[in-house]
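One structure is given here, and the rest of the page talks about it.
The values are calculated or read from the model by the stated rules, or taken from the named source; none is laboratory data. Quick caveat: nothing in here was measured; it's all calculated off a predicted structure. Using ideal geometry, Cβ is built from the backbone for each residue, glycine included, and neighbour counts are taken over all protein chains shown. In case anyone asks, the SASA skips ligands and DNA or RNA and just uses the protein heavy atoms, side chains included. Shrake-Rupley method; radii C 1.70, N 1.55, O 1.52, S 1.80 Å.
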Amino acid sequence: MTSKLEQKETPQANGAALPVVPGDCLASPERGQRPEPSDFLGPDGTGVEVVVLESRANAKGVREEDALLENGSQSNESDDTSTDRGPEPASPLKETSFSIGLQVLFPFLLAGFGTVAAGMVLDIVQHWDVFKYVTEVFILVPALLGLKGNLEMTLASRLSTAANIGQMDTPKELWKMITGNMALIQVQATVVGFLASIAAVVFGWIPDGHFSIDHAVLLCASSVATAFIASLVLGMIMIGVIIGSRKMGINPDNVATPIAASLGDLITLALLSGISWGLYKELESKAYVNPLVCAFFISLLPIWIVIAKRNSATREVLYSGWEPVIIAMAISRWDCPCPHTQPCSGHCCSPDLISPCSVGGLILDRTVSDPNFAGMAVFTPVINGVGGNLVAVQASRISTYLHMSGVPGDSPEVAPRKCPSPCSTFFSSDVNSRSARVLFLLVVPGHLVFLYTISSMQGGHTTLTLIFIVFYMTAALLQVLILLYIADWMVHWMWGRDLDPDNFSIPYLTALGDLIGTGLLALSFHVLWLIGDRDSDVGD
């Protein structure tokens, strides 16, 4: 049996065969109308029974886009096969402000407490022999934490976007994403660890002009080994968090970057302390151990490079992902997360060990060295950590939103190249503006919790007056307000210039957060000192 349309036979339950007509043929754009009934008449003029199969070619991409980030509370509206869509991409998640805030709140608080916990660890280990006799380790701590933190947060953002756009749905895609990103993070961690050790050696040598080759090799081995092991552990944790959040109906963008920040500092600092202590013990009796450890991890570098280069998901990042991390290091401050309100008896808060090579470090150096502002040391990592974590969440969300419209550089209609207005950033009805409002509202309650925690840890040595809290909150709110606005502009600007915001935006934003937060906090302390708030931390 033949007809004017190409027909295929498909079996029915009763064994009869019916011709199949593709749904595309029923209303093609060229014809502009449906075929006449006579088109389906057989040669003898009798009607034929037709089974119409809907074409999936055009509908597939639309359904995949609409189904991104689908959770239990999201209704299934992705069966609409219409391709008449406006320039704006579909919202990745039909999230309410309450659901966004609820998902962000726990990892946000966890990240803040992670900073405080890292300071507690440093307070304990600063009295170990390796920190007393190899003082460059104190320089290595903030350098390594800052560089590693950027790598972990960009990894979390990259994996969150991959999960949200369906690149980790099948076992094959998941394995490809895991192997590529784990190899990439090992390459980055090894190089970053090596650079951090060089920086520690150089800035430890400049003040007194003393250089020890044994200490330099110890720092290199400790830094590279710490970076490698920490990246391996944190990479597996991030993959588990993202897969688990998807299964639980949680947007990975809301939870991955803060968890990476909170666990990153704590795990990296604990590993660095333990590894450096162990290698220091072997320094006198087995001097060959340190160079052997350093050579072993560096010798693995070509293997990770080959794996990352062969993986299409990470090949580009292997070449282009270094610039933001290195530039961010020059912008950001190098100060350690010490929980003391006064410079410690050890070296962890010594102004001499705050790197003057970074802009934020220069501001903090000038401020902390003034005895009137000595109490600022404890609050700087908190305000900078909170601002960096919140803006990283927003940048990751906007990046995922843009990835749903295509690839970087291909969708200029959703990536305006001019600066957005503050009203469109904070007061429009789209999901990114809604999340910006939620993140901004988390600043005050979050900082109140952290301030109370710091005050309690000091056993009464820190007095938080009302005027101090007002000035501190003003600085924190202004910092996050500026960062959220810059994130809205920067992510779209990078997207329009064929740069993936997942790989480029977060290092710059967190570095700017350090710079802005340190500057605003220093200004607040200066104003408090001028008006004579002697009851607070200022000048204690």
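Measuring between alpha carbons in the structure, the pairs from Lys148/Lys309; Lys148/Lys176; Lys132/Lys281; Lys148/Lys172 lying more than 25 angstrom apart are Lys148/Lys172. Of the peptides 439-451, 419-431, 219-231, 264-276, the order by per-residue mean of other Cβ atoms within 10 Å, starting with the highest, comes out as 219-231, 264-276, 439-451, 419-431.
Peptide packing for 314-327, 466-479, 156-169, 128-141 was compared via the average number of neighbouring C-beta atoms within 10 Å per residue; ordered from the highest value, the list is 156-169, 128-141, 466-479, 314-327. Taking all protein chains as they are arranged and a probe of 1.4 Å, the heavy atoms of Glu95 leave approximately 10 Å² accessible to solvent. Taking label points 7 Å from Cα along the Cα-to-Cβ direction, Leu466 and Ser320 give a separation of 5.4 nm.
Shown is the FRET efficiency for Leu523 and Ile213, computed with R0 = 60 Å from the Cβ-Cβ distance and rounded to the nearest 0.05: 0.90. Using alpha carbons only, the radius of gyration of segment 220-340 set against its Kirkwood radius gives Rg/Rh = 1.02.
Seen from Met177, the other residues with C-beta closer than 12 Å to its C-beta sum to a net charge of +1, counting Lys and Arg as +1 and Asp and Glu as -1.
Computed over segment 172-289, the alpha-carbon pair-distance distribution with 10 angstrom bins reads 13, 34, 29, 16, 7, 1, each value a whole percent.
For segment 219-235, the Karplus equation 6.51 cos²θ - 1.76 cosθ + 1.60, evaluated at θ = phi - 60°, returns couplings of 5, 5, 5, 5, 5, 5, 5, 5, 4, 5, 5, 5, 5, 4, 5, 5, x Hz by residue, with Gly and Pro reported as x.
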